[in-house]
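Working notes for the structure below.
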Amino acid sequence: HNLSLWTRYDFTPRIGAGLGVHHQSRSFASISNAVALPSYTRVDAAVFFRIAEGIEAQINVENLLDETYFPTAHNDNNIPPGAPMTARGTVRLRF
């Protein structure tokens, strides 16, 4: 089972913030059902800025609490961890 919730609040017409939670229940690593990946919950956040008419900036932080988790597996013995806390900046131009 998989559940995602995301909300955004605009403090002013130019500044806003968002917070999201993603939960993945326990799952199997392959069709053998011999190895199970544990469930996990990840928290993400974002801040939005309207710099000028047609120019917006955004900063996203994924895995805000820096949890160790295993979202996927390639088979029963190739199970990479999910990404650690990661920040990404974006600037959008609209014309």
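Tabulated data for the structure shown
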quantity: Global geometry of the chain, whether rounded, prolate or oblate, following the gyration tensor of its Cα atoms and the 1.5 cut on a/c; calculated: prolate
quantity: Whole-percent carbon and sulfur share, accessible surface of the chain, 1.4 Å; calculated: 60
quantity: Within the chain: Cβ-based charge dipole about Cα centre, in debye rounded to nearest 20 (Lys, Arg +1; Asp, Glu -1); calculated: 260
quantity: Estimated inter-spin distance, I31 and I15, nm [label 7 Å along Cα→Cβ]; calculated: 5.4
quantity: Area accessible to solvent at Y40, 1.4 Å probe radius, in Å²; calculated: 30
quantity: Shape category assigned to region 1-53 from the gyration tensor of Cα positions, a/c cut at 1.5; calculated: prolate
quantity: Contact order relative to length of the chain, as percent, for alpha carbon pairs under 8 angstrom and 6 or more apart; calculated: 23
quantity: FRET efficiency, T86 to A52 (Cβ-Cβ, R0 35 Å, nearest 0.05); calculated: 0.80
quantity: Unit charges at the beta carbon, dipole of region 44-95: most positive-side option, N63, N77, A45; calculated: A45
quantity: ³J(HN,Hα), Karplus 6.51/-1.76/1.60, whole Hz, each residue of region 57-68, x for Gly, Pro; calculated: 10, 8, 10, 10, 10, 9, 6, 3, 8, 6, 6, 8
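The values are calculated or read from the model by the stated rules, or taken from the named source; none is laboratory data. Since the model is a prediction, treat every value here as computed from it, not as a measurement. No Cβ is skipped: glycine too gets one built from the backbone with ideal geometry, and neighbour counts run over all protein chains shown. For the accessible areas, the whole protein counts, side chains as well, though only heavy atoms, and no ligand, DNA or RNA atoms are used. Shrake-Rupley method; radii C 1.70, N 1.55, O 1.52, S 1.80 Å.
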